[in-house]
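Presented below is the structure to which this report refers.
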Amino acid sequence: MAVSHPDGLSARPWVGETLLPRLPRLRKSSAADAPADHWQSADGSRPLLEIRGVSRSFGHVRALHEVDIDLREGEILGIVGDNGAGKSTLMKIIAGTVRPDAGHLTMNGEPVSVATALAARRLGIEMIYQDLALFDNLDVAANIFIGREHTRWLPLLLGFLEKRRMHKEAAELLKRLNIQIGSTRQPVGVLSGGQRQMVAIARAVAFEKNVKVLLMDEPSAALGATESETVLELIREIRSHGLSIVIISHRIPEVLSLADRVVVMKRGERVATLDAGSTTVEECVNQIVAGEAGAAA
Amino acid sequence: MTAVGAQAGRPASRNNPYWLVRQVGRGLLAQNVLLALALVFLVLYLTLNLEFFFTSTNLLTILRYSSVTFVVSVGFTLVLIGGGLDLSIGQGMMIVGVVSGNLHLAGVPLAWSFILGVLTGVAIGLVNGLLITKLRINPLIATLAMLFVLWGTGFLVTKGRSQRIRDDSFKFARQSLWGIPVPVFFLVAAAVVALVALNTTKAGRHLFAVGGNPEAARQAAMNVDRFRLGMYAIGGLFTGVAGVMLVSQQGLVAPNSGMNREFWVATAVFLGGASLSGGKGSILGTLLGVVFVTTLANGLVQLAVVPEWALIINGVALILAVAFDQRPKGGYR
Ligand SMILES: Nc1ncnc2c1ncn2[C@@H]1O[C@H](COP(=O)(O)OP(=O)(O)OP(=O)(O)O)[C@@H](O)[C@H]1O
Ligand SMILES: [Mg+2]
């Protein structure tokens, strides 16, 4: 008796073969594609996610002030800015773990509420936190399946774990994502930083059929050069399957090579939106240091 | 496309000729293996130095006493794995005994005296859980306070006097079945139930998760507080059963029957590999720990060592166990 997954196997596109044809692969947007924020594509469709007038204060600290950002379907959007610029807070608002004081979100043009993390998850928004939220004392498969275990015979928490099936599916998932981890039986605590990051990414995209948006807070922050390159490669791989990805990073060159567009935040405001293909590291840094809200496109 | 994480796959050390040696070395260092070795040495030492140690009577006595301690230790282990702590177990067992014994003396049918005793244990666990999850009191403080409250209550109810129970059917734990002491059946049952629940069910998996990283458990949409409340109640269930076993074995309603029990249990369980930081521990380790501690106590008595030494040795063992848990991964420098 599979209690946890009414749709059965098909609910896990990463395990089956349903994933690839979901969306055409998107090229990096060309320089001619104006990086405006109220973006309309040629066929008139609206952005996947529109963030409008989002503000949030913590006591006297104004973490976010009337931020407008668009996320297009299938794009990688970079967010850069100094420490305390409000990047993480913005992501947590989208992921439903922080409530905004003002502002709203629309998805495919429809107003949506992300009052809780569960509500956001139902909309297809998954977030990978800065600290990854992994269980070091559990193995790779257990981490990927945590809270969504395959069980049988008894309902709810009393259910018996289908360990072999979960190991098999976890291994298939890792293979499909081209993640090489010796065994799904290793405790996550012994993995390298990059492997941990990849397990967290695999878990985030593994289950819901409708994962549309993946939010990543500094996925390469603690990684060395080679390891962060492998993680970036995985992010590209995920995007090629049609997900929209928002990625926070302090490494400007990395963001420029990975993202389609880059949003620059400063003191809680969006000061610029740059086209990653046509901008330069200098331009980015300049906006981070000297950007003014309202002055940019 | 290049293989993602290629450099991070198989540990390169596989090719190292000493790889196997190191794996074996690491296996030997596993806490339970060390503990089992220590137990073997202890048994050897006691056998060589005591005429009546390695006799079936004495070994069965050790097993009988291990059983009560083991049942309550299982509850203690589960609570530790889930990131909690319950110091009130000893006094909880005493109160359970007082309830069961007094109900029996008041003429309540045997089964009901025992059932209500066990439920008293569950209730104590629930109150602990509520104090910890609702009032947000640190588990150490909450269950220490509970220890005092139960201790005082026990003395008030019994007026500080012990009362003997004459009815032999109440003292079922003194009997044997097919030559095996009855408490041993409880030990086996508790071990099997806990082993299965912990290692093969979703609840067991989530217990490790909640203890290992409560914040991540919350993000994985688990209700950590409700889970921990249930965990303390189940811990209380084991306290209840152990309390009934104890009063039945002693045939005595005594307000001091729970004294210092939490120390012996803690030593056994920490020796068995559980950790105060949660997410770690095993039933097999706890079984080894309990047998070790009980054998040690038994041996010390027979060696006619003054009982104060037992306390000191217990303290040293506790420090060794926790130090082993806290050892730095790369070894000491
Ligand atoms: N829970 C909170 N309580 C109080 N202040 C907070 C909280 N979360 C964020 N802040 C404040 O809001 C501001 C923005 O924080 P945020 O974490 O969003 O910055 P960030 O851009 O992610 O910075 P970093 O690059 O250092 O991660 C900071 O001044 C921070 O101190
Ligand atoms: Mg941040």
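Summary of computed values
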{"read-out": "Where A:E149 falls short, out of the listed (1) farther than 22 Å from A:T230 by Cβ; (2) more than 7 Å from chain B (Cβ to nearest Cβ); (3) in a loop (DSSP other than H, G, I, E, B)", "value": "(2)"}
{"read-out": "Any hit, segment B:249-262, residues being crowded, with 23+ Cβ neighbours inside 10 Å, out of contact with any His (no Cβ under 7 Å at 6 or more places or on another chain) and at pLDDT 95 or above", "value": "no"}
{"read-out": "Filter result for A:T151 (touching a residue at least 60 places away in the same chain (Cβ under 8 Å), more than 30 Å from A:L77 (Cα to Cα), surrounded by 21 or more Cβ atoms within 10 Å (Cβ to Cβ) and in contact with a helix residue (DSSP H, G or I) (Cβ under 8 Å, 6 or more places away or on another chain))", "value": "yes"}
{"read-out": "Residue satisfying condition, being part of a helix (DSSP H, G or I) and in contact with a His (Cβ under 8 Å, 6 or more places away or on another chain), within set B:A203, B:A209, B:A190, B:A217", "value": "B:A217"}
{"read-out": "Condition check for B:L103: of a type in the set (A, V, I, L, M, F, W, C), open to solvent by 10 Å² or more (accessible area, probe 1.4 Å) and assigned to a helix (DSSP H, G or I)", "value": "yes"}
{"read-out": "Residue under evaluation A:S220, criteria (1) away from every other protein chain (no Cβ under 14 Å); (2) within 16 Å of ligand 1 (Cβ to nearest atom), criterion not met", "value": "(1)"}
{"read-out": "Meets criteria (free of Cβ contacts under 8 Å to residues at least 40 places away in the same chain, surrounded by fewer than 20 Cβ atoms within 10 Å (Cβ to Cβ) and under 18 Å from A:L161 (Cα atoms)) for B:V182", "value": "no"}
{"read-out": "Among residues of segment B:60-84, those that are in a loop (DSSP other than H, G, I, E, B) and either within 15 Å of B:A123 (Cα to Cα) or open to solvent by less than 20 Å² (accessible area, probe 1.4 Å) (or both), counted", "value": "2"}
{"read-out": "In segment A:223-258, residue nearest to the chain's Cα centre (by Cα) [restricted to those that are among the hydroxyl-bearing types (S, T, Y) and more than 10 Å from every other protein chain (Cβ to nearest Cβ)]", "value": "A:S244"}
{"read-out": "Count - residues of segment A:97-119 that are at pLDDT 90 or above and within 12 Å of another protein chain (Cβ to nearest Cβ)", "value": "0"}
{"read-out": "Hits in segment A:155-183 - residues which are under 20 Å from B:L207 (Cα atoms) and touching a helix residue (DSSP H, G or I) at 6+ places or on another chain (Cβ under 9 Å)", "value": "A:L156, A:L157, A:L158, A:G159, A:F160, A:L161, A:K163, A:M166, A:H167"}
{"read-out": "Number of the condition not met by A:D82 [criteria: (1) more than 16 Å from ligand 2 (Cβ to nearest atom); (2) surrounded by fewer than 20 Cβ atoms within 10 Å (Cβ to Cβ)]", "value": "(1)"}
{"read-out": "Residue tally, condition surrounded by fewer than 21 Cβ atoms within 10 Å (Cβ to Cβ), within 16 Å of ligand 1 (Cβ to nearest atom) and farther than 23 Å from A:H250 by Cβ, over segment A:97-113", "value": "4"}
{"read-out": "Answer residue from segment A:123-139, given it is open to solvent by 10 Å² or more (accessible area, probe 1.4 Å) and more than 11 Å from every other protein chain (Cβ to nearest Cβ) and is farthest from ligand 2 (Cβ to nearest atom) among those", "value": "A:L123"}
{"read-out": "Options B:L229, B:L246, B:L198; residue that is part of a helix (DSSP H, G or I) and open to solvent by 20 Å² or more (accessible area, probe 1.4 Å)", "value": "B:L229"}
{"read-out": "Check on A:A85, hydrophobic (A, V, I, L, M, F, W, C) and either modelled with pLDDT of 95 or more or near ligand 1 (Cβ under 9 Å from one of its atoms) (or both)", "value": "yes"}
{"read-out": "Residue list for segment A:154-182, filter: part of a helix (DSSP H, G or I), surrounded by fewer than 20 Cβ atoms within 10 Å (Cβ to Cβ) and either among the charged types (D, E, K, R) or out of contact with any strand residue (DSSP E or B) (no Cβ under 8 Å at 6 or more places or on another chain) (or both)", "value": "A:L156, A:K163, A:R164, A:R165, A:H167, A:K168, A:A171, A:E172, A:K175, A:R176"}
{"read-out": "Test for A:G291: is it over 13 Å from A:I69 (Cβ atoms) and free of Cβ contacts under 8 Å to residues at least 60 places away in the same chain", "value": "yes"}
{"read-out": "Members of segment B:160-178 found to be more than 19 Å from B:G258 (Cβ to Cβ) and either hydrophobic (A, V, I, L, M, F, W, C) or in a strand (DSSP E or B) (or both), listed by number", "value": "B:F172, B:S176, B:L177, B:W178"}
{"read-out": "Condition broken by A:G291, with the remaining ones in (1) away from ligand 1 (no atom under 16 Å from the Cβ); (2) modelled with pLDDT under 85 satisfied", "value": "(1)"}
{"read-out": "Qualifying positions in segment B:203-223 - touching a residue at least 60 places away in the same chain (Cβ under 8 Å) and either surrounded by fewer than 19 Cβ atoms within 10 Å (Cβ to Cβ) or more than 7 Å from chain A (Cβ to nearest Cβ) (or both)", "value": "B:L207, B:V210, B:G211, B:P214"}
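The values are calculated or read from the model by the stated rules, or taken from the named source; none is laboratory data. None of the values given here were measured: they were computed from a predicted structure. Note: ideal-geometry Cβ built from the backbone for every residue, glycine included; neighbour counts use all protein chains shown. Side chains are part of the model used for accessible areas, which takes the heavy atoms of the whole protein and leaves out ligands, DNA and RNA. Shrake-Rupley method; radii C 1.70, N 1.55, O 1.52, S 1.80 Å.
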